[in-house]
Each structure stands twice: as structure tokens, then as C-alpha cells.
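The values are calculated or read from the model by the stated rules, or taken from the named source; none is laboratory data. Predicted model only: the values in this text are computed from it and were never measured. So basically every Cβ, Gly included, is an ideal-geometry build from the backbone, and we count neighbours across all protein chains shown.
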Amino acid sequence: MAVNLLRSARAPFRVVIVERSGLLGRGLAYSTRSPRHLLNVPAARMGALPEDAEHFLRWLRKTWPDTAPGDFVPRDRYGLYLESLLRDVAARAPAGVQLETVPAEVVSVQEEGGRVRLALASGGWVEARAAVLAVGNAVPADLRVPDGGLYASERYHRSPWASWALRDVGPRDSVLLIGTGLTMVDTVLSLEEQGHQGVMHALSRHGLLPHVHRAGALERSMAYSSPGIRDVLRALRQEVMRECEEAVGADGHLHPIPVRIRAVLRIMRQEVKRATDAGADWRAVVDALRPATVPLWHRLTPGERRRFLRHLRSHWEVHRHRMAPAIGETVERLRREGRLVLHAGRVRSFRLEDSGVEVRLRPRGREAEEVLHVQHVVNCTGPEGAITRAHPLLQEMVAAGRVCPDVLGMGLATDAHGALMDLSGHASGLLFTLGPPRRGELWETTAVPEIRVQARALAEHLLQRLGTAPVTRVPMVHTGLPLDR
Ligand SMILES: Cc1cc2nc3c(=O)[nH]c(=O)nc-3n(C[C@H](O)[C@H](O)[C@H](O)COP(=O)(O)OP(=O)(O)OC[C@H]3O[C@@H](n4cnc5c(N)ncnc54)[C@H](O)[C@@H]3O)c2cc1C
């Protein structure tokens, strides 16, 4: 957002970034220091600018010249990239277009007399003509089960991404990882890195592991993507048309009936079969659907979206959010060695004991409970799904009625531009958001390929509203900043 504003605004214009960590461009995803935590998108697709997906790749090659387009590089490099891009753009912005950074936490946001006032935890405040809540991901929420004193103890680790999170886990300790997705994989890699040799149990409702990217998949999926998208969309359109005809027959009026999630699944399966028969890989079909995900999500009623979340979400996540090949090999090795054990089921309760934690769980499809004894429990459920419940600022704003959760309760209700809606459904002219808080409304909104498009569109919308309509953009020269921050 800041890069786009700084590149397009007409002076005088000031962008103020208020960031509680004091670090720019990091957030939950890119603040890791572990070289084993890799991006799950190939380098050639992670450019921060919508018109230049390879911008990150070129930046990388200044320091790591051998980086290939399909490489999955350490995530901390992406944090460095975002920061260097921002500083670079700020340094070359026209006179009177400025960037200011304020290392502080925003605790409340109010609209007053056509301006926004942001109160800071430190006691100060920032006033602005508009504010964008780019608050990103919230840390995982605790499981809502009896915790028997666990959550307050040192045996529980609520957010595996904190740098100190796993330091109390001894080399031979047994660990329960709750969740079997990419956060669990990150945690397994962190434990390996610190020399852990004990058993790691990983548990989720379905016990599904993320699939693995195929080496060379970037080239293959690019070759496949155009016909794939066209065919999937054509089939969906036909499905919508068929349903519309049925709707006309029912009451004599035309009610465009939205797509059913079951139809989407059926079409996807057909498309996967067609693709694999033609020698392509199912991954190419999943990737081909990505640009159509947001329009597709809009055609699902809230009921259909809930049906997706209840029945298909876990399956979608493991196919869509895949592991880099090298990580997939590590995970497979750990499973073969018996060090990583997968469980499908639900935790019923925890109980803190002198020597560890007793975990009662109900295996999937069985009535009888099982008991597991481990020394540590790590919450690997990933960023909290219902962000308005987990994020203190959003909690406060929802409670005050200034913003409203989306109908699924996953994020915030917004209009098409990302303007925040209040409880009466009125879109604010001053408050906006993008990225993870729009998950309930867009579904595919948390990763860079989507966020970079939203950021550009919102920046242009905002500048227009503020009467400082986009001027010719400052051209991007790929100077890059030195890495010795
Ligand atoms: C572990 C992990 C790995 C990921 N890997 C990838 C990947 O490989 N590729 C990809 O495309 N996407 C990935 N993602 C998706 C990721 O969500 C986005 O890429 C991106 O980081 C989201 O950016 P953001 O700026 O919206 O949010 P964030 O990066 O979460 O940043 C939000 C920032 O807001 C700050 N903040 C929040 N509240 C306040 C407040 N009240 N006051 C002041 N500051 C505040 C936070 O400190 C944080 O720095 C990953 C996500 C996670 C969690």
C-alpha cells in the first residue's frame, strides 16, 4: 500500500506507517529468521508489484545470482525485499511526498470531523485524512477445550512463530503439534534445526498433510494455465446458466441462482481428470483456478460458503497451500523414521501433569477416546480464522460498532474497494482494509499475488477520493538497497 501511494501521489502527501513491531515488511510470515522456513510460492511469482511478478526474482539475483524462477527461497529474504523496496521508493519519491514510520501499536481508530484519529498504546496519536488497516494475520487462538492449566504453563506454545517459542523444548521431549498444515511443517523444521530428536505427534480433524509442489511445476503450470482457466470458467458458466433456467421455471421470474459448491467440486474433478489424461498434473488445475477464485467466491451464497468451509476447506487447503519439494522430502523422512506421527481426530481435553501433559483425543470415526502423554503442546492451527475475535484493535472497533464482521465472521465487512462497513451497512469514506481481514468476503486474499493487486487498486481509489489523483508513477529502477540494513 505504502509503495503504491508513494509512487503515485501528488505532493504534498505524507504516508505514515504505524507498526507495533518496529520492523517494516515482516509481519507473521516474513519475520522468521530460520533459513528452513521457505516461501510456498516460487520466487518468480512473488514480485510486490502487480505489473511485474518477477521483480522479487531480479532483486534476489543481485545477491543470490543462481536463484532460479521456480526456487522456493527463505521467507526472511522476502521481508528484506519488501523493506528495501519501500525505502527505495520513499527515497526516490518527488519532493513533498514523504514516508514516516511510527513504531507503536494502534489501540483505537475513530472518525472525527472528516478525519481519522488513531490512538497509540504509548499515549500519543496520529491524525490522517484516511487510514488503511493493513493489520494482516492474527496469532492462533487457543483450542476451546478444557485445558487443565496447560495454557498458562510453559509446556504450551501458542504461537510457534515467536523467536523464543520453542526454546524450552528439550532435545528428547515429545511434542504434540495441533494442526497438520504449513504452520505444523514450519514448527517441525524449527525443532529439527534446534537439534530436537524426540517424537512429534501432529493432529488435525482430517490428519491431512499439505501436498508437495513438483520440481519444475512453475513452467508446467504456466504452460497449462490458459486453457485450464477457460475450461473451468466455461463449465461453471454453463452450470450457472442451467441453474438460472431452473429458477425461471420455479416462479416465473428470473432469479440468478448462484453456483453450488458441489458443482464446483464436480467440475474441478472432471478438469483434473482431463488434465492428467493429457499428461498434466492436478496442481496445474488448482493453480489455474486461482485467478477465478474471487469471482467464484462471490457467486456462492453465505450458506454455500459455509458448506465449503465445513466440508471442503481442509481438502482445499492441502491442495492449494503446498510444501516446497525440499521440505516435502524432510517431512517424508521424519515420518519414515517414526519421528513425525500423524493423527486424525479432535482434542477433547488437556491436563497438566508433573512430567508433562495428558491429552485426551477422539480419533476420527471412532467413539472411544485415546490418551497421549507429551511434554509440550504447540498450537500450529495457523493464523486465527476469526480475526475480529483475535485482534485487540478490531475487537475494540467491532464492540464500538465502527466496523462490522463479515457474514461468515472471518474478517471485516467491506465494499468492493475495501472500505470498511459499519453495523448499519454504511461504507466508510475514511477507513479501508486489504489482505487477510477480507478473507470472508474474498477467500483468496492472504497471499502476495492477490495482495499486490488489491494494494494497487486501493491506492488508486484512495488517491482519487483524497483529490490527489494518481499522477504518472515514479518508474521502478531496480537499484535495490544494500542488504546490510
Ligand atoms: C507463516 C506464514 C507464511 C506465509 N507464506 C507466504 C508465502 O510464502 N507466500 C505468500 O504469498 N503468502 C504467504 N503468507 C501469506 C501472508 O499472509 C501474506 O504474504 C502477507 O504477509 C500478509 O501481509 P499483510 O501486510 O497484510 O499482513 P502482515 O504481514 O501480517 O502484517 C501486518 C502488520 O500489522 C502489524 N499490526 C497489526 N495490528 C497492529 C496495531 N494495532 N498497531 C500497529 N501495528 C499492527 C503487525 O505487527 C504486522 O507487522 C504466509 C502467511 C503466514 C502466516
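Quick notes on this one:
For (1) closer than 23 Å to HIS461 by Cα; (2) in the same structural domain as HIS196 (by TED's automatic domain parsing), each residue gets a yes or a no:
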| site | (1), (2) |
| --- | --- |
| SER355 | no, yes |
| GLY401 | no, no |
| ALA416 | yes, no |
| GLY429 | yes, no |
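- Residues that are at pLDDT below 95 and either over 17 Å from the mean Cα position of the chain (by Cα) or among the β-branched types (Val, Ile, Thr) (or both) within the stretch 32-49 comprise THR32, ARG33, SER34, PRO35, ARG36, VAL41, listed in sequence order.
- Listed by first and then second residue, the pairs with beta-carbon distance under 7 Å, at least 6 apart or on different chains, first residue in the stretch 427-454 and over 21 Å from GLU111 (Cα atoms) and part of a helix (DSSP H, G or I), second of a type in the set (Phe, Trp, Tyr) and more than 12 Å from the ligand (Cβ to nearest atom), are LEU442/TRP297.
- In the set (1) modelled with pLDDT under 85; (2) more than 30 Å from ALA284 (Cα to Cα); (3) part of a helix (DSSP H, G or I); (4) not polar (S, T, N, Q), the condition left unmet by ARG242 is number (2).
- Scanning the stretch 58-78 for residues that are surrounded by fewer than 21 Cβ atoms within 10 Å (Cβ to Cβ) and either acidic (Asp, Glu) or free of Cβ contacts under 8 Å to residues at least 60 places away in the same chain (or both) gives ARG61, TRP64, PRO65, ASP66, THR67, ALA68, ASP71, PRO74, ASP76.
- Strands (runs of 3 or more DSSP E) wholly inside the stretch 131-212 that include at least 1 residues being in contact (Cβ under 8 Å) with a residue 24 or more places away in the chain and more than 12 Å from the ligand (Cβ to nearest atom): 175-178, 200-204
- With respect to being outside the structural domain of GLY303 (by TED's automatic domain parsing) and at pLDDT 90 or above, ALA469 falls outside the description.
- In the stretch 422-468, the qualifying residues are those that are of a type in the set (S, T, N, Q) and more than 23 Å from ARG402 (Cα to Cα), and the one that is nearest to the ligand (Cβ to nearest atom) is THR446.
- Meets criteria (touching a strand residue (DSSP E or B) at 6+ places or on another chain (Cβ under 6 Å), modelled with pLDDT of 90 or more, within 16 Å of the ligand (Cβ to nearest atom) and assigned by TED's automatic domain parsing to the domain that holds ALA130) for GLU396: yes
Residue-by-condition table, conditions (1) within 10 Å of the ligand (Cβ to nearest atom); (2) more than 24 Å from ALA455 (Cα to Cα); (3) crowded, with 19+ Cβ neighbours inside 10 Å:
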{"site": "ASN4", "(1), (2), (3)": "no, no, yes"}
{"site": "ALA11", "(1), (2), (3)": "no, no, no"}
{"site": "VAL15", "(1), (2), (3)": "no, no, yes"}
{"site": "LEU23", "(1), (2), (3)": "yes, no, no"}
{"site": "ARG33", "(1), (2), (3)": "no, yes, no"}
{"site": "ARG45", "(1), (2), (3)": "yes, no, yes"}
{"site": "GLU51", "(1), (2), (3)": "no, no, no"}
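- Members of the stretch 116-130 found to be assigned to a strand (DSSP E or B), exposed (fewer than 15 other Cβ atoms within 10 Å of the Cβ) and near the ligand (Cβ under 9 Å from one of its atoms), listed by number: none
- Condition check for PRO405: away from the ligand (no atom under 16 Å from the Cβ), farther than 21 Å from ARG129 by Cα and crowded, with 19+ Cβ neighbours inside 10 Å: yes
- Selection within the stretch 362-384 - touching a residue at least 40 places away in the same chain (Cβ under 8 Å), part of a loop (DSSP other than H, G, I, E, B) and among the hydrophobic types (A, V, I, L, M, F, W, C): CYS380
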